[in-house]
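The values are calculated or read from the model by the stated rules, or taken from the named source; none is laboratory data. Here the structure is a predicted model, which is why all the values come from computation and not from measurement. No Cβ is skipped: glycine too gets one built from the backbone with ideal geometry, and neighbour counts run over all protein chains shown. Areas reflect the complete protein model, heavy atoms only, side chains present, ligands, DNA and RNA absent. Shrake-Rupley method; radii C 1.70, N 1.55, O 1.52, S 1.80 Å.
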Amino acid sequence: MPHLTFGAFRTQIADGNLAPIYVIGGEDAIGKSAALDLLVESVDEGLRPFNVDRLDASNASTAAAPGALTSELLAAARTLPMKAPRR
C-alpha cells in the first residue's frame, strides 16, 4: 500500500476513489484524527454503525494483543458492507 500525503488522501475521498482499507499512522495526533474524520464522513451517516470499524494498534502492547488485533483487522476487512457499496 503506497503512502499518501494528506492532500492526496483528501483528493481520493473527494473523488470517491477510496482504497479497500487504510492504515493511518504517524506522530501527528491531530492529522490522524482529521484523516479518520474524513474517512468516516465518507460513509453514509445512517449506516456508519454497521459499516465503520475503528481499530487502535496503540493498545496492542501485551504479548497476545498483536495477534488479537490482526484477527480483528482481518474480520473487519472481510465483512461485507450493509446497504452500501463499501464499508
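Overview of values
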| item | result |
| --- | --- |
| Test result for ASP28, at pLDDT 85 or above, open to solvent by 80 Å² or more (accessible area, probe 1.4 Å) and closer than 16 Å to PRO85 by Cα | no |
| In the stretch 32-75, the residues that are open to solvent by less than 80 Å² (accessible area, probe 1.4 Å), among the small types (Gly, Ala, Ser) and either within 23 Å of PHE6 (Cβ to Cβ) or modelled with pLDDT of 85 or more (or both) | SER33, ALA34, ALA35, SER42, GLY46, ALA57, SER71, ALA75 |
| Filtered residue count, the stretch 1-21, keeping only those that are open to solvent by less than 50 Å² (accessible area, probe 1.4 Å) and without any contact (Cβ under 8 Å) to a residue 24 or more places away in the chain | 4 |
